[in-house]
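Undergrad: Just passing along the structure, written as structure tokens.
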Amino acid sequence: MKFESLLARRYLIAQRRHAVLTVCAISIAVAVIVLICTCFSTITGIIRDAALDQQPYHVLVYSVTEAQGKQISQLNHIGSCTLTENPDGKTYSAAILFDSNIGNLNEYMQNMERAWKIRSEYEVNDELVMFDAITFDGGYKRAVMFTLFFIFVIFFVLALRMMIDTAFEVSSKERERQFGVLQSIGATPKQIVRIMTHEGLLLSAAGIPIGTVLGIGLSVLVYHGVLATGVAETFFDHEKMQQLVHLHVSPMMLLAAAVIGFFWVFFSAYGTGMRVIKKPPIQVITGRSKSVKRVKKHSLLSLLFGWTGKLASRNARREPKRFAMTVFALTVSLTLFASVSTVFGSLQDFVQVTFVGRDSFGKPEWDFSVPVRMNPNAFHSDKHEDPLSHSATFQRSPESPTAYAEGVAELEQCGYFKDLDYSISLMGKTDDTNNAKYVYIYYVNEGSYNTMFEGKMPVPFGELANSGKAVLVGRKQPLSEIPVESDTLTLTVRTQQTADLTQAEYQALTKDLTEQERKNSGKYPQEEKQYDENGEEIAPFYWQVGQKEICYDIAGEYVMPDEPDQFGHYLNSIYLILAEPCYRDTDWKQYGDVSFGIEVNCNLADGAEYMKAVQYLQTSPHLIYDEVMDIYRYRQRTRTALAAVSVGLNFLTALIAMIAAVNMINIVSTGILNRKREFAALQCSGMTRGQMYRLTVVECLQFTLWAAIAASLLCCLLIYATKQFMIGMTLTGADTPPPVAYSVPVLKVWLASAAAFLVTLLASLLPLRRMQEEPLAEQIRATE
Amino acid sequence: MEFLQIEHLSKIYGKGDTAVHALNDISFTVPRGQMCAVIGPSGSGKSTLLHILGGVDKPTSGKVWLDGQDVYAQSAKRLAIFRRRQVGLIYQFYNLIPVLNAEENITLPLIMDGRKPDRDELLKMLDLLGLIERRRHLPSQLSGGQQQRVSIGRALFSSPAVILADEPTGNLDSQNSAEIIALLRKSNREFEQTMLIITHDENIALQCDRILALADGKIVSDSMTGV
């Protein structure tokens, strides 16, 4: 081993630059794996801790005595058993945390029941059991989770391995001739391989610790970066975040990363050594190929670029395996880059549209949706359960249900909001049969009306308000099915009316009704009295539900663009749009006097005054009857979460691009180094540097062109397969991301190919320039 | 059986109509201790012959027997050990290991063989080569003649049975050339080493015991010089 280690050390010292580059490659590769492993252990750690925080037990036995609880805590595998007194004051709930795997949980619990005569139901915290691998089942689930993670990691492992591999290849390429000489003077193949593996050991001794530290540093950076985006706050409040969200650096994961790194280096070194010894020594020394290859006389490149194209094309065909490998590596990288970034981009767009949202007319959602009370005297209480399963009970309005206008005016005047749009919505149907068409009836204010039609109003709002008529809105096909006769449309509409009734009158009125019918027809407060928020008793009233035929005059129709959505689905909804002043003045009487309030959609006048606006709403209970939908905050949080996800995904994409670039640089520069003598010979024959660079440009173009074509075809194939899969699985609803257009990844492939071309060019020109520093005679002899 | 025996040796590069016959069914023998010059025009197969004899290239067909042993019937490992112990190869462009100094380059075959070089022998060899002062120098710090002497030292130090030299003076001036050939001759006489030297220099060829002339992969003349 002495001779091998001596040479390995000497080579490392002699090729310091290569050694540093290889250590860098190992460090980066290990750092990336450490980062991925740390991300995984952090995410799973946080989920595990959150599961423990919510349910601090593996198993919760509902009812045990104090003595049984003590007995349980002395059992095998029990880490802790915390007893909490039950409301009956006699029994306890035992929260059990195991400290090791118990095998089959059911068997364990049955044994416990038999041994300690515990007859009790129990609850299992499945999530925690899985994360802690407490049972056989939990361990299996955890193994599946880890397996899936490692399948994901394998892709990176292979890509990163290539990085180390090519780093070794480059460093060994320059010494290939020396290995040939060593063999010619008697070094056995094993000894040559040992020199390489010894070098690998020395390099990994430096690269793995550096990579591990770098990976932890990178993880800390990413962790703080993700925290800074506020994504954690979308899942936890501040207190929980402090308690649960922290970086989990798992020693086992670090060990796994180090072991992976070690094997990478070992196999790369071993593989390179094996490649070196494959060729006969004299072939390596003289750089002579053992076979003579027939070359094509004509090629596209020779037509395009003349003799440089011909040379480039022949060079590629001379070593078809190497050419194919380079194109293959680039194709895989381009395809990965384009497909991953396209899928991520498409997902982001989908999430943006889905979660940031648009209303039913496709317009952007508002910042706030404020439920404004029907009138300030109505009150909302959640103290009593509503017989009709509403979340609150409502006082009958002593006035008309149109006092919302005061609330709207107050919202307008407070100065925090703008673009106030609101509507009173009702539902009607064309007849009482099963084939009835349902129509949404909207009384909208002017702002809402203008937004809805985007300036293409079929009837001006003023005319609509003055005439009391309606505009029928919908797509062509469903509109044609609505029975409009003589510009009128009759709809059956639900009405809700209150009446002052005594308990006796109410009972007489509903005595022949079943319980369900009574509930359906209306409600009467329970026998127990109800009080308002000031503690005053609410007068009982009867709330009668019914339906009525109402005839609407149609002032015009608006046919919505008949465009299918991305899955070919059409929206078939029909809307009847009327002016809100008509409701306030007269129409409300047709529908009855019951209304909870209206939803006022509005935007923040000034984003900087968000907190003040929220405070205003919180301190205005007289204005609001239910929970305010703070879409602004939700949207900000979603955007923040999306930004965090985007950062992560972009990082991943950048990582793929970086690995691909490093691999390409290594492959191409090795190719150039391989032909050191040949380039020198060409120059000796009169080739200028410019011509040599041109030859290199054509060669790089050749690589990237073939790879771009292959990657484009692959991406199209992937999209086609995905589309077929989605159709096959009927995953074409609005809740799944839309399929991607073929042009999207193809464009990305060509853009990435252009970048790859520049990278390969750089990778070719740099070693070429370095070679120029040596005298031609030295290059042609390839001595050192 | 002669010490070195070559039977119907052929080496073909490529296949079909692109095939190149570097060696075309040649047979000859070399007795122990003979110093043989191999001459011929470029592309006649001299270097190929030497490399096949040295076990660094494989013949397409034919056999090479050295001291009764079929060279190419051995495993890769045995072949490497054969090269290490039985053959000393000297190249025109020295082919030294650039990260090892002169002394280390010379002793390398012994070290690879797990043997400890004898210090006195080494100093004697360095003295013979005129490299005592330069023994700690790396190849890049030596002149062409000195590098070739290191290369010869490496070939001779393990006392192999055969020395194969591929134009050992091709890259040197006349004074250095004369010194190198004198050195080889001395070693040949002292240790009864069999030597095959490829050369284009008629004077060098005439200093050898025998001259083999090759053309188009065939032996076209085989004569003794009477030295």
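The values are calculated or read from the model by the stated rules, or taken from the named source; none is laboratory data. Quick caveat: nothing in here was measured; it's all calculated off a predicted structure. Glycine also receives a Cβ, built like all others from the backbone with ideal geometry; neighbour counts cover every protein chain displayed.
Undergrad: From the list B:Asp216, B:Asp173, exactly one residue is more than 14 Å from chain A (Cβ to nearest Cβ), surrounded by fewer than 16 Cβ atoms within 10 Å (Cβ to Cβ) and in contact (Cβ under 8 Å) with a residue 40 or more places away in the chain. Which is it? Break it down into steps so the answer makes sense when it comes.
TA: Values: B:Asp173 fails: in contact (Cβ under 8 Å) with a residue 40 or more places away in the chain.
None of the others qualify; the one that does is B:Asp216.
Undergrad: Of all residues in region A:604-623 being buried (at least 18 other Cβ atoms within 10 Å of the Cβ) and at pLDDT 80 or above, which is farthest from the chain's Cα centre (by Cα)?
TA: A:Leu617
Undergrad: Would you confirm whether any residue within region A:127-140 is more than 14 Å from every other protein chain (Cβ to nearest Cβ) and within 30 Å of A:Asn674 (Cβ to Cβ)?
TA: Residues of region A:127-140 that are more than 14 Å from every other protein chain (Cβ to nearest Cβ), as a first pass: A:127-140.
Imposing the further condition that a residue be within 30 Å of A:Asn674 (Cβ to Cβ) reduces the set to none.
There is no residue in region A:127-140 that is more than 14 Å from every other protein chain (Cβ to nearest Cβ) and within 30 Å of A:Asn674 (Cβ to Cβ).
Undergrad: Still on this structure, I have one more. Considering only region A:201-287, give the helices (runs of 4 or more DSSP H) lying wholly within it that have at least 1 residues that are under 18 Å from A:Phe156 (Cα atoms).
TA: Output list reads A:251-278.
Undergrad: Condition test on A:Ala205, is it within 14 Å of chain B (Cβ to nearest Cβ) and free of Cβ contacts under 8 Å to residues at least 60 places away in the same chain?
TA: No: the conditions fail for A:Ala205.
Undergrad: Restricting the search to region A:435-451, which residues are buried (at least 22 other Cβ atoms within 10 Å of the Cβ) and assigned to a helix (DSSP H, G or I)?
TA: A:Ser448, A:Tyr449
Undergrad: Could you give every pair whose Cβ atoms fall below 7 Å, whose first residue belongs to region B:26-44 and is within 18 Å of B:Asp166 (Cβ to Cβ) and touching a residue at least 24 places away in the same chain (Cβ under 8 Å), and whose second residue is buried (at least 21 other Cβ atoms within 10 Å of the Cβ) and basic (Lys, Arg), counting only separations of at least 6 or pairs across chains?
TA: B:Val38/B:Lys46; B:Gly40/B:Lys46
Undergrad: Report, by residue number, each residue of region B:1-41 that is within 16 Å of the chain's Cα centre (by Cα) and among the aromatic types (Phe, Trp, Tyr).
TA: The one that is within 16 Å of the chain's Cα centre (by Cα) and among the aromatic types (Phe, Trp, Tyr): B:Phe3.
Undergrad: Looking at (1) modelled with pLDDT under 85; (2) in contact with a Phe, Trp or Tyr (Cβ under 7 Å, 6 or more places away or on another chain), find the lone condition where A:Asp165 falls short.
TA: Exception for A:Asp165: condition (2).
Undergrad: Testing B:Ile81 on (1) more than 8 Å from chain A (Cβ to nearest Cβ); (2) of a type in the set (Val, Ile, Thr); (3) surrounded by fewer than 24 Cβ atoms within 10 Å (Cβ to Cβ); (4) not in a strand (DSSP E or B), one condition comes back false. Which one is that?
TA: With respect to (1) more than 8 Å from chain A (Cβ to nearest Cβ); (2) of a type in the set (Val, Ile, Thr); (3) surrounded by fewer than 24 Cβ atoms within 10 Å (Cβ to Cβ); (4) not in a strand (DSSP E or B), B:Ile81 is out only on (1).
Undergrad: Still on this structure: Taking region A:455-491 as the search range and keeping residues that are touching a helix residue (DSSP H, G or I) at 6+ places or on another chain (Cβ under 6 Å) and part of a helix (DSSP H, G or I), which one is surrounded by the fewest Cβ atoms within 10 Å (Cβ to Cβ)?
TA: Among those residues, the one meeting the criterion is A:Ala465.
Undergrad: Restricting attention to region B:97-141, which residues are away from chain A (no Cβ under 12 Å), over 21 Å from the mean Cα position of the chain (by Cα) and outside any helix (DSSP H, G or I)?
TA: Correct list: B:Asp118, B:Arg135, B:Arg136, B:His137.
Undergrad: So which residues in region B:1-19 are surrounded by 15 or more Cβ atoms within 10 Å (Cβ to Cβ) and within 14 Å of chain A (Cβ to nearest Cβ)?
TA: Within region B:1-19, B:Lys11, B:Ile12, B:Tyr13, B:Gly14 qualify.
Undergrad: Against the definition (among the hydroxyl-bearing types (Ser, Thr, Tyr) and at pLDDT below 80), how does A:Ser268 come out, yes or no?
TA: no
Undergrad: Something else about it: Tell me yes or no: at least one residue of region B:187-196 is buried (at least 20 other Cβ atoms within 10 Å of the Cβ) and farther than 21 Å from B:Gly55 by Cβ.
TA: no
Undergrad: Would you be able to say whether some residue in region A:95-107 is touching a Leu at 6+ places or on another chain (Cβ under 8 Å) and free of Cβ contacts under 8 Å to residues at least 40 places away in the same chain? Before the answer, list the steps.
TA: First, the residues of region A:95-107 that are touching a Leu at 6+ places or on another chain (Cβ under 8 Å): A:95-96.
From the residues that got through so far, the ones that are free of Cβ contacts under 8 Å to residues at least 40 places away in the same chain too are A:95-96.
The answer is yes, given that some residue of region A:95-107 is touching a Leu at 6+ places or on another chain (Cβ under 8 Å) and free of Cβ contacts under 8 Å to residues at least 40 places away in the same chain.
Undergrad: Can you pull out every residue in region B:155-170 that is more than 14 Å from B:Leu126 (Cα to Cα) and either within 12 Å of chain A (Cβ to nearest Cβ) or of a type outside the set (Gly, Ala, Ser) (or both)?
TA: Within region B:155-170, B:Pro160, B:Val162, B:Ile163, B:Leu164, B:Asp166, B:Glu167, B:Pro168, B:Thr169, B:Gly170 qualify.
Per-residue answers, yes or no, for (1) more than 10 Å from chain A (Cβ to nearest Cβ); (2) more than 30 Å from A:Gln15 (Cα to Cα); (3) surrounded by fewer than 18 Cβ atoms within 10 Å (Cβ to Cβ):
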| site | (1), (2), (3) |
| --- | --- |
| B:Ile39 | yes, yes, no |
| B:His51 | no, no, no |
| B:Lys58 | no, yes, yes |
| B:Asp70 | yes, yes, yes |
| B:Leu89 | no, no, no |
| B:Gln92 | no, no, no |
| B:Asn95 | no, no, no |
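Undergrad: Sticking with this structure for a sec: Of all the residues that make up region A:141-188, how many are within 30 Å of B:Gln86 (Cα to Cα) and either within 14 Å of chain B (Cβ to nearest Cβ) or free of Cβ contacts under 8 Å to residues at least 12 places away in the same chain (or both)? Full working, then the answer.
TA: First, the residues of region A:141-188 that are within 30 Å of B:Gln86 (Cα to Cα): A:172-188.
Now restrict to residues that are either within 14 Å of chain B (Cβ to nearest Cβ) or free of Cβ contacts under 8 Å to residues at least 12 places away in the same chain (or both): A:172, A:174-188.
Summing the residues that are within 30 Å of B:Gln86 (Cα to Cα) and either within 14 Å of chain B (Cβ to nearest Cβ) or free of Cβ contacts under 8 Å to residues at least 12 places away in the same chain (or both) in region A:141-188 gives 16.
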